[in-house]
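Everything below concerns the one structure shown next.
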Amino acid sequence: MEKIGLLNKIVKSVYDIYLGRKSLATEGAAEEGRIFLSRGLLSALAVFKEVYANAGNDTETVILVEHAYLTEERRYCSPLEPTVAASMTAALASFKDALRALKTVQNAETYLNAETTWPHLPKYRYHDMPKDAFHIACNANRTRINNTLRTPGINNVEREVYEQRSKNMTAIQAAYLNKQETALSAVWHR
């Protein structure tokens, strides 16, 4: 997957979605709004599906695409929606932490040191592995997405975009769990 191209597509997609929503709310521009909205949603969906297909091998790109999507959505967020902007800001920060955890898990020695700092109580574990920044980011984003899916009136394509984003979080969380297990088993079995 070519990251820059995917990120550019996401930026354009969110802009089209923004233009579509803005036009739908403008008298006489509804048809143009539907075209922009549809084009933006379908383009975003294509990118989210593309990164999903390789999520097990390239978790970083999935996070970067989700981060770009949220960054752009926040950019077009209405000043009348401060809680939405705050939620997106928190999500962006958690994805930055997830990227740091992803880098750490790739070094078995370093990750063993990190793992020993996590309690072994179930609430701090994800399938016996530390529920670290990566898992926290995926869980929080999936919750945010699922809350949005409960909103009545979401059109089918937009619903599909949200569902795909949720699937992406599940896929990269499973891939990350595998990375954790690999890192720790390499150190434990010496």
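The values are calculated or read from the model by the stated rules, or taken from the named source; none is laboratory data. These numbers were taken from a predicted model, which means no experiment stands behind them. Here the Cβ positions follow ideal geometry from the backbone for every residue, glycine too, while neighbour counts run over all protein chains shown. What goes into the accessible areas is simple: the full protein's heavy atoms, side chains included, and nothing from ligands, DNA or RNA. Shrake-Rupley method; radii C 1.70, N 1.55, O 1.52, S 1.80 Å.
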#### Entry: In nm, spacing of pseudo-spin labels at Thr89 and Arg34 (7 Å Cα→C-beta vector)
3.8
#### Entry: Listed candidates [x] 17.5, 53; [y] 26.3, 88; [z] 18.4, 70 - label of the one calculated as Rg and Dmax of the Cα atoms in Å
[z]
#### Entry: Extension gain, Ala53 back to Arg150 (0.36 nm per residue minus Cα-Cα distance, nm)
32.3 nm
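Given the rule -39500 (n - 2.57) for each run of at least 4 DSSP H residues, summed and divided by the residues of the chain, what is its mean residue ellipticity at 222 nm, to the nearest 500 deg cm²/dmol?
Helices in the chain give a 222 nm mean residue ellipticity of -26500 deg cm²/dmol.
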### Mean accessible surface per residue for the chain, computed with a 1.4 Å probe while every protein chain stays in place, in Å²
54
### Query
Rounded to a whole number, what % of the accessible area of the chain do carbon and sulfur atoms account for, probe 1.4 Å?
55
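Of Lys12/Lys167; Lys9/Lys131; Lys12/Lys179; Lys22/Lys96; Lys12/Lys123, which ones are farther than 28 Å apart at the Cα? Before the final figure, lay out each step's value.
Numbers: Lys12/Lys167 22 Å; Lys9/Lys131 32 Å; Lys12/Lys179 32 Å; Lys22/Lys96 30 Å; Lys12/Lys123 39 Å.
Among Lys12/Lys167; Lys9/Lys131; Lys12/Lys179; Lys22/Lys96; Lys12/Lys123, the Cα-Cα distance tops 28 Å for Lys9/Lys131; Lys12/Lys179; Lys22/Lys96; Lys12/Lys123.
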### Message
Can you find, among Asn178, Ser166, Asn141, the residue sitting farthest towards the positive end of the charge dipole of the stretch 117-190, where Lys and Arg contribute +1 and Asp and Glu -1 at Cβ?
### Response
Asn141
### Query
Separation between the Leu80 and Gln106 pseudo-spin-labels, each 7 Å from Cα along Cα→Cβ, expressed in nm?
4.5
## Note on the structure
Full extension between Asn139 and Thr170 adds, at 0.36 nm per residue less the Cα distance, a length in nm of 10.3 nm
### Task
Using packing as a proxy for protection, rank 68-76, 150-158 so that the peptide with the highest average count of other Cβ atoms within 10 Å comes first.
68-76, 150-158
### Query
Within a Cβ distance under 11 Å of Tyr111, other residues only, what is the Lys/Arg minus Asp/Glu net charge?
-2
### Task
Would you please classify the overall shape of the stretch 1-88 from the alpha carbon gyration tensor, given that a ≥ b ≥ c denote the square roots of the eigenvalues, rounded means a/c under 1.5, and beyond that prolate means a/b larger than b/c while oblate covers the rest?
oblate
### Task
Could you please report the charge total around Ser13, scoring K, R as +1 and D, E as -1 over all other residues with beta-carbon less than 9 angstrom from its beta-carbon?
+1
### Message
Give me a comma-separated list of calculated 3J(HN,Hα) values for the stretch 118-129, in order, Karplus coefficients 6.51, -1.76, 1.60 applied at θ = phi - 60°, integers in Hz, x for any Gly or Pro.
### Response
9, x, 9, 5, x, 5, 9, 10, 10, 6, 6, 9
### Phi-based couplings in Hz for the stretch 175-183 (Karplus 6.51, -1.76, 1.60; Gly and Pro marked x)
5, 5, 4, 4, 5, 4, 4, 5, 4
#### Entry: Long-range amide H partners of Arg125 with built H, under 5 Å
Lys131
### Message
Can you give the local net charge around Val65? Use residues other than it whose beta-carbon is closer than 14 angstrom to its beta-carbon, Lys and Arg +1, Asp and Glu -1.
### Response
-1
